[in-house]
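Below is one structure, written out as structure tokens; comments come after it.
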Amino acid sequence: MTASTRRRASAVLGGVVVAGLLGTGAADAAVAASTTAASATGTLSWSATLTDPGGTLLTGRPYTANYTSLVPLTTYLTTRNTGTAALTGQVYAVTGSGFVLSGTSLNACTSGPWQNGTCPGGQVVPIGNGATAALPVAPGAAVGLRLALPAGIGMSVSLSVSATRAHVRAATTTHS
């Protein structure tokens, strides 16, 4: 018999003795008091997903701009945290061909979507190609992005975002 089994047997036997002395109400309380504690656990997920200028969530795919323009263009997107864990950063990659990359820039607005070309109440953060942008994003929240595109004929620029376990808020223990 293990120590745990002996303790349970003692608790039950004690409840029976108390029942004989005090009546069934006290015995029920004594037996009910010998319960075990359980912890609720969940599964964390993390995901940074682009939303195009039309509001479409681009799950698992990049945003691609194919265009011809004699003047530089600007397009506005968002990165949404579609996971359950808070993100501390994301990696952005801009790809294209020829001189496209030399005239392309990406900036984030820390307070959410850009409004009329401005970042109301937030900071504008320049994002380097392929670098981790240390932008905290709570689950369900979004970071506004401004993608500046150079003028050109037959241009193609793609923007992708990713987040790994290293970009998730450090774990904390609650109710231990």
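Just so it is clear, none of the values below were taken in a lab; they were calculated from the coordinates. As the structure is a prediction and not an experimental result, all values here were calculated from the model. Glycine gets a Cβ as well: all are built from the backbone with ideal geometry, and neighbour counts include every protein chain shown.
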Checklist entry - Amide H to amide H under 5 Å from L135: which residues, 5+ apart in sequence or cross-chain, H placed 1.01 Å off N in plane? => result G89, Q90
Checklist outcome for this item: Interchain or sequence-distant (5+) residues whose placed amide H lies within less than 5 Å of the amide H of V168 are T88
Checklist outcome for this item: Listed by chain and number, the residues whose amide H is under 5 Å from that of G83, excluding neighbours fewer than 5 places away on the same chain and using placed H, are S47, G140
Checklist outcome for this item: Phi angles of the stretch 135-147, converted by Karplus (6.51 cos²θ - 1.76 cosθ + 1.60, θ = phi - 60°) into ³J(HN,Hα) in whole Hz with x for Gly and Pro, give 10, x, 9, 6, x, x, 7, 9, 10, x, 10, 10, 9
Checklist entry - At V124 and L44, where each label point lies 7 Å from the Cα along Cα→Cβ, what is the point-to-point distance in nanometres? => result 3.4
Checklist outcome for this item: In order over the stretch 89-95: 3J(HN,Hα) from phi, Karplus 6.51/-1.76/1.60, θ = phi - 60°, whole Hz, x for each Gly or Pro, gives x, 9, 10, 10, 10, 10, 10
Checklist outcome for this item: HN-Hα couplings for the stretch 48-62 via Karplus (6.51, -1.76, 1.60; θ = phi - 60°), in whole Hz with x for Gly/Pro, come out as 10, 10, 6, 10, 6, x, x, x, 7, 6, 9, 4, x, 9, x
